Amino acid sequence: MVVYGGATGGGSLASDDLYLLDLKEGDDKASWNIVPVVGPTPGRRYGHCLTYAKPFLVAFGGNTGSEPVNDFWCLNVEKSPFSWLKFEAKGDQPCARVYHSAALC
């Protein structure tokens, strides 16, 4: 499982660290690790979605704490060093949104 961003109690934003729950040694030895990422990131945000479409983690939308956004970022989990890339898609883009969901089809 991976966790990125979000809000903490009291209205604060969580860091923009990417966390991985490592279960390869079994659930009795599970451990959280921060995944080292180089370069720009999607930034601190909440209400976004994060989906895995092999080999990419894809983050879309959310709120930066000051405005809702409709940007999307990809991180290739098979290419080290890990780095986020911001994409500009063509076509009718979804409007900025918060607390939405996404699914891989």
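The values are calculated or read from the model by the stated rules, or taken from the named source; none is laboratory data. This structure is a prediction, so every number in the text was calculated from the model and none was measured. Cβ atoms come from the backbone with ideal geometry, glycine included; neighbour counts cover every protein chain shown. Note: areas computed on protein heavy atoms with side chains; ligands, DNA, RNA excluded. Shrake-Rupley method; radii C 1.70, N 1.55, O 1.52, S 1.80 Å.
Listing for the model above:
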| read-out | value |
| --- | --- |
| Positions within the stretch 64-102 being within 16 Å of Val2 (Cβ to Cβ) and aliphatic (A, V, I, L, M), in sequence order | Leu75, Val77, Ala102 |
| So Lys86, is it open to solvent by 100 Å² or more (accessible area, probe 1.4 Å) and in a strand (DSSP E or B) | yes |
| Selection within the stretch 1-39 - in a loop (DSSP other than H, G, I, E, B) and among the charged types (D, E, K, R) | Asp16, Asp17, Lys24, Glu25 |
| Yes/no for Ala96 being open to solvent by 50 Å² or more (accessible area, probe 1.4 Å) and of a type in the set (Gly, Ala, Ser) | no |
| The stretch 33-79, residues that are more than 10 Å from the chain's Cα centre (by Cα), among the hydrophobic types (A, V, I, L, M, F, W, C) and open to solvent by 40 Å² or more (accessible area, probe 1.4 Å) | Ile34, Val37, Val38, Phe56, Val77 |
